[in-house]
Amino acid sequence: MKKTPNRFVVIVACLILSGAAAYYRAQTVPDLTATTNAFLASLTPEQLAKVKFPFNSDERQNWYFVPRDRNGLTFKELQPHQERLAFAMTAAALGQKGFQKAATIMSLEDILRQIESGGRGGPAPGGAAPGAPAGAPQARGGRGGGFNRDPELHYISIFGEPSNTGTWGWRLEGHHISVNITMDKGKFLASTPTFLGSNPAEVRDGPRKGLRALAPEEDLARRLLEALDANQKKTAILAGAAPNDIITGNQRKAEIGAPTGLSASAMNAKQKEMLLALIQEYVDRNAAEAASAAMNNIRKGINQTTFTWIGSEKRGDAHYYRIQSPDFLIEYDNTQNQANHIHSVYRDLKHDWGIDLLAEHYRQAHTLTASR
């Protein structure tokens, strides 16, 4: 059965309207290993060759969030029954809230295509993506030499052999989405880096006018900023213009320097809960098991966490914020396209891709074996 034009967009729109609930509820216990193996079992040998990589492949850390050619298997290459399995797998990986955000972001590619084809703004055609560092990969060409805005150009990649006894990795990536998960013995070992972006940040015309894919990420941060008193704001807000992108970009090891801004230890109880609610919004981009473990650790170290705002406080103007602790980093930037284009990322400063955790696990196993 061949896919009909715009069928994918319609399916994604239905997922958004239903809150992605149908696919999420289908997993009695959201099981990424089982849903991934079901998806793999549906693929042809040619598709399997595209989607599978060795676990220790350098490709596992080859991540980026701009429109470019990638390695993996796209939704565009899937038949309808395979597509359904891919959505079930993605729901198990991201949880209900993360899945709904990702589905909405994928659907924005169709809106962005309409905006650009109508000559009503958007990125300039050709070259690297807007805001990308010098030397960034070139974007895939589309009609008229610009970017190929296609919701189905999001890639699935599987690293290693999915099982409940070994270690393996899972990735969903495309324009404005990069979700990187490492599983070990059936458990979520790591769920970062997790990047989500939105262009437009707010749809301003057409039947979906008013849609904001990442509304809580802005609104909760503004709620916290507005709750600060004058002296707290002096510490939290850094002088100067907001940077034109997240500072860590697609670094494999996120490095941003010493913490700046207002420490949570200088916040009152209500402000601290606002900060935690904002952090929770990012952590909930991942499955419930991973999110719960992360938030438990974050709450324990909340007084070592800082909140920094750069740019205008006025809604609609360019702005940036970050939340930083010794263990994690959140960055949010809305400066491009007249401050209607969001980039946001959640990083584990010690355990992205589970690399350090796996290294420690192997060291402990080696020490135990040697002592016998």
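The values are calculated or read from the model by the stated rules, or taken from the named source; none is laboratory data. This structure is a prediction, so every number in the text was calculated from the model and none was measured. Cβ: placed from backbone, ideal geometry, glycine included. Neighbour counts: every protein chain shown.
Could you check, for region 181-197, whether at least one of its residues is farther than 21 Å from A288 by Cβ, outside the structural domain of A41 (by TED's automatic domain parsing), in contact (Cβ under 8 Å) with a residue 60 or more places away in the chain and crowded, with 21+ Cβ neighbours inside 10 Å?
So the first thing to find is which residues in region 181-197 are farther than 21 Å from A288 by Cβ, and the list is 197.
Right, trim to outside the structural domain of A41 (by TED's automatic domain parsing) and you get 197.
Narrowing the set further to residues that are in contact (Cβ under 8 Å) with a residue 60 or more places away in the chain leaves 197.
Now drop any that are not crowded, with 21+ Cβ neighbours inside 10 Å, which leaves 197.
Yes, region 181-197 contains a residue that is farther than 21 Å from A288 by Cβ, outside the structural domain of A41 (by TED's automatic domain parsing), in contact (Cβ under 8 Å) with a residue 60 or more places away in the chain and crowded, with 21+ Cβ neighbours inside 10 Å.
Residue check, F75 against (1) modelled with pLDDT of 90 or more; (2) farther than 24 Å from R212 by Cα; (3) of a type in the set (A, V, I, L, M, F, W, C), all met but one. Which one?
(2)
Going through region 45-64 one residue at a time, which ones are in contact with a helix residue (DSSP H, G or I) (Cβ under 9 Å, 6 or more places away or on another chain) and polar (S, T, N, Q)?
Q47, Q61
Against the condition at pLDDT 95 or above, within 30 Å of R347 (Cα to Cα) and not aliphatic (A, V, I, L, M), how does Q61 come out, does it pass? First the steps, then the outcome.
Values: at pLDDT 95 or above: yes; within 30 Å of R347 (Cα to Cα): yes; not aliphatic (A, V, I, L, M): yes.
Yes.
What residue, among those in region 198-244 that are touching a helix residue (DSSP H, G or I) at 6+ places or on another chain (Cβ under 8 Å) and polar (S, T, N, Q), is surrounded by the most Cβ atoms within 10 Å (Cβ to Cβ)?
In this case the residue turns out to be S198.
Please determine whether any residue of region 130-151 is assigned by TED's automatic domain parsing to the domain that holds A92, part of a strand (DSSP E or B) and modelled with pLDDT of 95 or more.
So the first thing to find is which residues in region 130-151 are assigned by TED's automatic domain parsing to the domain that holds A92, and the list is 130-151.
Remaining after also requiring part of a strand (DSSP E or B): 141, 147.
Now drop any that are not modelled with pLDDT of 95 or more, which leaves none.
No, that holds for no residue.
Take residues that are at pLDDT below 95 and not hydroxyl-bearing (S, T, Y) and tell me which of the helices (runs of 4 or more DSSP H) falling wholly in region 250-339 contain 1 or more. Before you say what the answer is, go through the steps one by one.
Details: elements: 269-283, 288-300, 336-339.
Counting at least 1 such residues, we get 288-300.
Hey, could you check region 158-184 for residues that are more than 16 Å from the chain's Cα centre (by Cα) and assigned to a strand (DSSP E or B) and say which is nearest to E59 (Cα to Cα)? Break it down stepwise before answering.
Of all residues in region 158-184, those more than 16 Å from the chain's Cα centre (by Cα) come to 158-168, 183-184.
Then keep just the ones that are assigned to a strand (DSSP E or B); that gives 158-159, 167-168, 183-184.
Working: I158: 10, F159: 9, T167: 16, W168: 13, M183: 17, D184: 19 Å.
The extreme case among them is F159.
Which of the residues spanning region 53-109 are of a type in the set (A, V, I, L, M, F, W, C), part of a helix (DSSP H, G or I) and within 16 Å of F195 (Cβ to Cβ)?
First pass over region 53-109, keeping only residues of a type in the set (A, V, I, L, M, F, W, C): 53, 55, 63, 65-66, 73, 75, 78, 85-89, 91-94, 99, 102-103, 105-106, 108.
Filter once more, so that each one left must be part of a helix (DSSP H, G or I): 75, 85-89, 91-94, 99, 102-103, 105-106, 108.
Answer for region 53-109, where residues must be of a type in the set (A, V, I, L, M, F, W, C), part of a helix (DSSP H, G or I) and within 16 Å of F195 (Cβ to Cβ): A93, L94, F99, A102, A103, I105, M106, L108.
Any chance region 351-366 includes a residue that's assigned to a loop (DSSP other than H, G, I, E, B), under 18 Å from the mean Cα position of the chain (by Cα) and modelled with pLDDT of 95 or more? Give the steps one after another, and end with the answer.
Within region 351-366, the first condition is being assigned to a loop (DSSP other than H, G, I, E, B), and the residues that meet it are 351.
Among the residues that remain, those that are also under 18 Å from the mean Cα position of the chain (by Cα) are: 351.
Adding the requirement that they be modelled with pLDDT of 95 or more leaves none.
Checked region 351-366: no residue is assigned to a loop (DSSP other than H, G, I, E, B), under 18 Å from the mean Cα position of the chain (by Cα) and modelled with pLDDT of 95 or more.
Across region 305-320, what is the total count of residues that are surrounded by fewer than 22 Cβ atoms within 10 Å (Cβ to Cβ) and within 20 Å of K270 (Cα to Cα)?
Adding up the residues that qualify gives 2.
Only one of I302, I323 is touching a residue at least 24 places away in the same chain (Cβ under 8 Å) and surrounded by fewer than 21 Cβ atoms within 10 Å (Cβ to Cβ); which?
Working: I323 fails: surrounded by fewer than 21 Cβ atoms within 10 Å (Cβ to Cβ).
Testing whether each residue is touching a residue at least 24 places away in the same chain (Cβ under 8 Å) and surrounded by fewer than 21 Cβ atoms within 10 Å (Cβ to Cβ) leaves just I302.
Looking at region 40-92, which of the residues that are hydroxyl-bearing (S, T, Y) and without any contact (Cβ under 8 Å) to a residue 60 or more places away in the chain is surrounded by the most Cβ atoms within 10 Å (Cβ to Cβ)? Steps first, please.
Of all residues in region 40-92, those hydroxyl-bearing (S, T, Y) come to 42, 44, 57, 64, 74, 90.
Now drop any that are not without any contact (Cβ under 8 Å) to a residue 60 or more places away in the chain, which leaves 42, 44.
Details: S42: 16, T44: 11.
Selected residue: S42.
Restricting to region 257-289, give me the number of residues that are free of Cβ contacts under 8 Å to residues at least 24 places away in the same chain and crowded, with 17+ Cβ neighbours inside 10 Å. Break it down stepwise before answering.
Our first condition is that a residue be free of Cβ contacts under 8 Å to residues at least 24 places away in the same chain; within region 257-289, this holds for 257-258, 268-269, 273, 280.
From what is left, the residues that are crowded, with 17+ Cβ neighbours inside 10 Å are 280.
Residues that pass the stated criteria total 1.
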